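A.B. asks: For reference, the structure I am asking about is given below.
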Amino acid sequence: MRRPSILKRMINRFKRDTSGKVAIIFALSAVPMFMAAGAALDFVRASNTQAQMQAALDAGALAAAASRDLSDSDREDLANAVFKQNYAGVNGVTPTTAFSIEDGTVVMSADMTMPTAFMRVAGLNTMDIGSSVTVNIPEPKTAEIVLALDYSGSMTEYVKGKQKYKAMREAAIQMVDDLTAGEAADRLRSRPRT
């Protein structure tokens, strides 16, 4: 019978020895655990950056859509100015923004490449982050007003030296003039009611 070699004896002794196994298992598992924790931190940073970017995009697009009497280029300038005012930035990296007006909506997007902190160990040096928003440009506001005028017998009475129905008529004319000042009265109609 042959004698086991010294190497085989050491391997067998290592297999049977249970002292120190926890330290070895911890040492072997510590690297992936720390990499996972670092990756989680990088993903949290990316998520926070994207949320901040989305809030700034929302503010810029809403400002551009809500502003009346602006040309498309003025809307774009306003949207970019509001975006820059609301976005603090990350590590000096400025996102690339895109702006367009399509079918009565403001479309704005931003993209950037954020450097990672912990995922570099695994060879991932950057993360791409992007966000977009679409906001409808509101139509001009309109209102429908019904004005009921009272021509009953009580309106023939005098108040402060004037008949009530004459004062009512003057007030109604003034209200119509105020409502149509500066704009065409394209939907102004009157209908007498008896």
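The values are calculated or read from the model by the stated rules, or taken from the named source; none is laboratory data. These numbers come from a predicted model, not from an experiment. All Cβ positions, glycine included, derive from the backbone under ideal geometry; neighbour counts span all protein chains shown. Surface accessibility is based on the protein's heavy atoms, side chains included, excluding ligands, DNA and RNA. Shrake-Rupley method; radii C 1.70, N 1.55, O 1.52, S 1.80 Å.
A.B. asks: Going by the conditions given, is Thr97 within 21 Å of the chain's Cα centre (by Cα), over 18 Å from Asn136 (Cβ atoms) and not aliphatic (A, V, I, L, M)? Step through it out loud before you land on a result.
C.D. replies: Working: within 21 Å of the chain's Cα centre (by Cα): yes; over 18 Å from Asn136 (Cβ atoms): yes; not aliphatic (A, V, I, L, M): yes.
Yes: the conditions hold for Thr97.
A.B. asks: When you scan the stretch 126-156, how many residues do you find that are open to solvent by 100 Å² or more (accessible area, probe 1.4 Å) and either part of a loop (DSSP other than H, G, I, E, B) or at pLDDT below 85 (or both)?
C.D. replies: Total meeting the criteria: 7.
A.B. asks: Still on this structure: Would you pick out the residues in the stretch 1-37 that are open to solvent by less than 100 Å² (accessible area, probe 1.4 Å), at pLDDT 75 or above and within 30 Å of Phe118 (Cα to Cα)?
C.D. replies: Passing the criteria: Ile24, Ala27, Ser29, Ala30, Val31, Pro32, Met35, Ala36, Ala37.
A.B. asks: While we're on this one: For the stretch 45-72, give me each residue that is open to solvent by less than 70 Å² (accessible area, probe 1.4 Å), more than 18 Å from Thr113 (Cα to Cα) and either polar (S, T, N, Q) or not in a helix (DSSP H, G or I) (or both).
C.D. replies: Passing the criteria: Ser67, Leu70, Ser71.
A.B. asks: When you look at Ala117, is it under 29 Å from Phe34 (Cα atoms), touching a residue at least 24 places away in the same chain (Cβ under 8 Å) and not in a strand (DSSP E or B), yes or no?
C.D. replies: Working: under 29 Å from Phe34 (Cα atoms): yes; touching a residue at least 24 places away in the same chain (Cβ under 8 Å): yes; not in a strand (DSSP E or B): yes.
Judged against the criteria, Ala117 is a match.
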